[in-house]
Amino acid sequence: MTFTQTASSPSTLTVRGAMRPGYERILTAESLAFVALLERTFGPRRRELLARRKVVQAQYDAGGLPDFLAETAAIRAADWKVAAIPADLLDRRVEITGPVDRKMVINALNSGASVFMADFEDANAPTWDNNLDGQINLADAVRKTISFQQGGKSYKLNDKIATLLVRPRGWHLEEAHMTLDGQAISGSLFDFGLYFFHNAAETLARGTGPYFYLPKMQSHLEARLWNDVFVLAQTTLGIPQGSVRATVLIETLPAAFEMDEILYELRDHSAGLNCGRWDYIFSFIKTLRTHPDKVMPDRKDVGMTQHNMASYTRLLVQTCHRRGIHAMGGMAAQIPIKNDPAANAAALARVEADKLREVTGGHDGTWVAHPALVVIAKGIFDAGMPTPNQINRTPNTQPVTAADLLAVPVGTRTEHGLRENIRVGVHYIEAWLRGNGCVPLYNLMEDAATAEISRTQVWQWLHHGVTLADGRVVDRALFDGVLAQELVVIEAEVGADRWQNGRYALAAQLFAAWSTAAELADFLTLGAYPYLVQV
C-alpha cells in the first residue's frame, strides 16, 4: 500500500507489511496521514538525538562519567510542579505489564491491578503481525468489546478493569514495514500514532485518557521531543492539550542524572517516573563499558539494596514527590513455581520483601509481571499506603550524589553467573526471533532487558579479562567452551524436536557475535531485527 499526501506535503508513505483481515481498521488513509505527519515533523530530530547519544557515549568511552548538568541547575533548584493528576491515575498501587496479545490484554485488565501497561516494546517482539494485532486488541479493549476463545474457554472483560497505559517502542527502534520517502519510520511514532489516532478521543469519552509509558530515554532533550509530539498530536486531532499523560521509565544511567529535567519537559503531560531496574542495570554496564573499575558482579548480586540501586530509587522518589507526581517502583519478575511448594514460597517471600522495601521507601506503586502477584503486591501496599498515593511523603531526604549513582555493586563473578548469562541470553533471543518477546525462564518472566544484561555482562567480562571467583580469567577460550556446553544443556531442556525446529543456532551465533565483538552493540533488538522482520 502506498499513500501520497497532499501537494503541500507530498511525502510518500509506503506500507510494506501484509494487509491481513482486520488491518484495514487500523491502517486507514486518515491514520496513515497522521503517522506520516508525525514522522515528517519529528523524524529528523529523532535521528539527530540518536546521533547525539553516540557523541555523549564517546565521551564516556574516553574516560568521562555521567553527572548532573550544570546548564540545567536552575530547573533543579526552582520550585515548580507538574500538572494535576487525573482521577483515574491517582491510585496506581499495583501495575501489571505484558505484551499486547489478545488473551494477555484481557487477563491483565481483569487482574485486579490498578493499571495495565500494554507493551509494544521489551515484552513484544515487533513483528508486523504482533504490532497490528496489538493495535486491534487495544482498540477493542478501549471500547470494551474485546473477547477471546481458546480451548473451550471464553475470555471477556469484567465490569471493573485496570486503567490502560501503552508503551510504544523506544526512540532507537524503527518500523521497517512502513517507510516515508523510502526511509523506515520511527517505531515510537508508529506505535504511538496509530494508538493515539484511533483511541485518544474514545478514552476521553469513557472518562479516562490517552496514557503512555515512555522507555529508554537518555536525556531531557528526548523528553522534549516526546512533549512536542504530544502537543502536535492533540492539536491535529482536536484533543484538549494536557489530555496525554506519560510516565517515563528511568532505565538508563544518563537519564538518572536528568530526572528533574525530564519531568520539567513533560510537566503538562507528566504522570511521573518509574524505576525500570533491569534496563537500568543493562545501561549501567553499557554506559560505563570501557571503565575497568565499573565491572559488574553476577546479575543475582545486583539487587535493589546495592548502594547504586538504592540511591537511584531514593532520588526518583525525592524528585517525583517534590514535583507532585508518582514515583513508581520496579518489576517483580517472579512467576508461580508449580510442583515445588518450597521454591514457590521462597520466591513469593522475595516479592514480599521487595514490595515492602518499595512502599516503605516512598514509592506510590509497583510493577508485577504475573496476575498471581497482584494480590500479594496489593496487600503490602494497602497495609503500607492506606491513601491513594504517598506523594506528600518522602521518607529519606538524604541527598544523592553522582558518586552514589556511580557506585559499583558489590559481589562475586562466577562461572555459574557466566553460564546463566549464556543460557538465559540464548533462550530469550531464540524466542524473540520466533516473535515472542515475553518468555518464562527459570521461574522468572523475562523480557528483552534480561538478554541485554546477559550479553553486555559477558562482553564486559571478556573485554576487561576479569578473574572469576575460582581464579580463572574470562577469555575467548573459556567463553567458547562454556557456550558449547550450555548449548548442550539447552538442547536437553527443550528436546530434540524443539531444538531442530527452533532458531537456536542463529540465537547462539548472534549471542556469541555480540559478546565477543570489539565494540559493544547498543541494542540486541537492533541487531536481531533484520532476522525477525519478514517484509
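Could you look at the chain and say what percent of its accessible area is carbon and sulfur, using a 1.4 Å probe and all protein chains?
54
With the other protein chains left in place, how much accessible area per residue, in square angstrom, belongs to region 363-511 at a 1.4 angstrom probe?
About 41 Å² of surface per residue is accessible.
Could you state, as a whole-number percent, how many of the C-alpha pairs of region 341-428 are farther apart than 22 Å?
53
Counting only DSSP beta bridges with both residues in the chain, what percent are antiparallel, rounded to the nearest 5?
40
Run through all the Cα pairs of region 89-210 and give the fraction in each 10 Å bin from 0, expressed as whole percent.
Going out from 0 Å in 10 Å bins, region 89-210 shows 13, 44, 32, 10, 1 percent.
Could you tell me the distance between the Cα centroids of region 271-346 and region 24-50, to the nearest Å?
33
Tally Lys and Arg at +1 and Asp and Glu at -1 over the other residues with C-beta under 15 Å from the C-beta of Ala407: what net charge comes out?
-2
If you take every DSSP beta bridge fully contained in region 1-140, what fraction is antiparallel? Give it as a percent rounded to 5.
In region 1-140, DSSP labels about 40 percent of beta bridges as antiparallel.
Under the definition of Cα pairs under 8 Å and six or more residues apart, what whole-number percent is the relative contact order of region 191-302?
With pairs under 8 Å counted, the relative contact order is 25 percent.
When the Cα centres of region 454-481 and region 142-182 are compared, how far apart do they sit, in Å?
What the calculation gives is 40 Å, centre to centre.
Between beta-carbons, use under 14 Å as the cut-off and find the net charge around Asp382, counting Lys and Arg +1, Asp and Glu -1.
0
Report the net charge of residues surrounding Leu526, where surrounding means a beta-carbon distance below 15 angstrom and charges are Lys +1, Arg +1, Asp -1, Glu -1.
Neighbourhood net charge equals 0.
Just the C-alpha atoms of region 66-112: what Rg/Rh do they give, with Rh taken as the Kirkwood radius?
Computed over Cα atoms, the ratio is 1.25.
Hey, can you find the accessible area per residue of region 95-230 for me, probe 1.4 Å, expressed in square angstrom?
28
Under a cut-off of 26 Å between alpha-carbon atoms, report the lysines in cross-link reach of Lys144, not counting same-chain residues fewer than 8 places apart.
Reachable lysines: Lys103, Lys153, Lys156, Lys160, Lys378.
If eta is 1.002 mPa s and T is 20 °C, what Stokes-Einstein diffusion coefficient results for the chain, Kirkwood Rh from Cα pairs, in µm²/s?
90
The values are calculated or read from the model by the stated rules, or taken from the named source; none is laboratory data. Model, not experiment: these values are computed from the prediction. A quick note on method: Cβ atoms are made from the backbone with ideal geometry, for glycine too, and the neighbour counts reach across all protein chains shown. Surface areas here come from the heavy atoms of the whole protein model, side chains and all, with no ligands, DNA or RNA. Shrake-Rupley method; radii C 1.70, N 1.55, O 1.52, S 1.80 Å.
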